[in-house]
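Working notes, structure below.
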Amino acid sequence: MKALSMVIAAAALFGGIQLFHPGNGESAADAVAPSNSYRLVANGDQGNCAVTRGASVSDDLSLLTVGPNCRRLLPGIERAKFWRQQQDGTVAFSANGVDPIVTFAVADGGGYESYAPAAPLLSLAATGGLRD
């Protein structure tokens with residue numbers, strides 16, 4: 001009888017934990033890290049190149065590696081060395097961490113779409129580690 005009481009108490013404890021646990025059943029190990037590899041595409045696939053977000057330098061600033069053929073999409077982008085993530089979700093690429101060469105807004109369906117400069121229109125989408 002004592003063993004039965006212990007089993008019922010353990011089941012009630014387990015059920016209570018499951019009831020009040022705010023998670024969805026996934027462990028931290030099950031979570032997938034966001035991609036740091038992106039494909040930069042100009043004007044609806046007029047050209048593309050690889051972009052990689054590197055190590056974090058500060059809360060909102062990370063190192064950036066731009067593929068060698070990205071210059072064909074936007075001359076000057078090859079100077080970009082930093083990825084700045086703004087609080088509003090926008091992303092800017094810059095040579096010095098401050099002055100943007102290109103700025104992206106969050107696009108529908110994920111990824112980013114450039115808005116400055118106005119032309120050419122560039123999209124930035126996460127990839128599975130594609131390389132140039």
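The values are calculated or read from the model by the stated rules, or taken from the named source; none is laboratory data. Computed from a prediction, not measured in an experiment: that's the story for all the values here. With ideal geometry, Cβ positions are generated from the backbone for all residues, glycine too; neighbour counts draw on all protein chains shown.
Which pairs do you get when a residue that is within 11 Å of SER62 (Cα to Cα), found in region 79-92, comes within reach of a residue that is in a loop (DSSP other than H, G, I, E, B) and of a type outside the set (A, V, I, L, M), reach meaning Cβ atoms under 8 angstrom, with the pair 6+ apart or on two chains?
Every condition considered, the pairs that remain are LYS81/ASN96; LYS81/GLY97; PHE82/ASN96; PHE82/GLY97; ARG84/ASP60; ARG84/GLY97; GLN85/ASP60; ALA92/GLN86.
Test of understanding: among ARG72, ARG131, which residue is modelled with pLDDT under 95 and in contact with a Cys (Cβ under 8 Å, 6 or more places away or on another chain)? It would help to see each step written out before you state the result.
Values: ARG131 fails: in contact with a Cys (Cβ under 8 Å, 6 or more places away or on another chain).
From the options ARG72, ARG131, the qualifying one is ARG72.
Kindly list the number of the only condition in (1) surrounded by 15 or more Cβ atoms within 10 Å (Cβ to Cβ); (2) assigned to a helix (DSSP H, G or I); (3) touching a residue at least 60 places away in the same chain (Cβ under 8 Å) that fails for ALA125.
(2)
All but one of (1) free of Cβ contacts under 8 Å to residues at least 12 places away in the same chain; (2) not in a loop (DSSP other than H, G, I, E, B) hold for ALA119; state the number of the condition that does not hold.
So the condition that ALA119 fails would be (2).
Take the residues in region 93-105 that are surrounded by 13 or more Cβ atoms within 10 Å (Cβ to Cβ) and without any contact (Cβ under 8 Å) to a residue 24 or more places away in the chain; name whichever of them is farthest from GLY54 (Cα to Cα). Lay out the reasoning, then the answer.
Just the residues of region 93-105 that are surrounded by 13 or more Cβ atoms within 10 Å (Cβ to Cβ), to begin with: 93-95, 97, 100-105.
Then drop every residue that is not without any contact (Cβ under 8 Å) to a residue 24 or more places away in the chain, which leaves 94-95, 100, 103-105.
Working: SER94: 14, ALA95: 14, PRO100: 17, THR103: 18, PHE104: 17, ALA105: 20 Å.
Step by step, filter region 93-105, then rank; the result is ALA105.
So in region 67-83, with the set limited to residues that are in a helix (DSSP H, G or I) and in contact with an Asp or Glu (Cβ under 7 Å, 6 or more places away or on another chain), which one is farthest from ALA50 (Cα to Cα)?
First pass over region 67-83, keeping only residues in a helix (DSSP H, G or I): 68-72, 77-79.
With the extra rule that they be in contact with an Asp or Glu (Cβ under 7 Å, 6 or more places away or on another chain), the set shrinks to 68-71.
Details: PRO68: 8, ASN69: 8, CYS70: 7, ARG71: 11 Å.
This residue is ARG71.
For LEU64, are the conditions met, namely being modelled with pLDDT under 95 and crowded, with 16+ Cβ neighbours inside 10 Å? Show your work before the answer.
Working: modelled with pLDDT under 95: no; crowded, with 16+ Cβ neighbours inside 10 Å: yes.
No: the conditions fail for LEU64.
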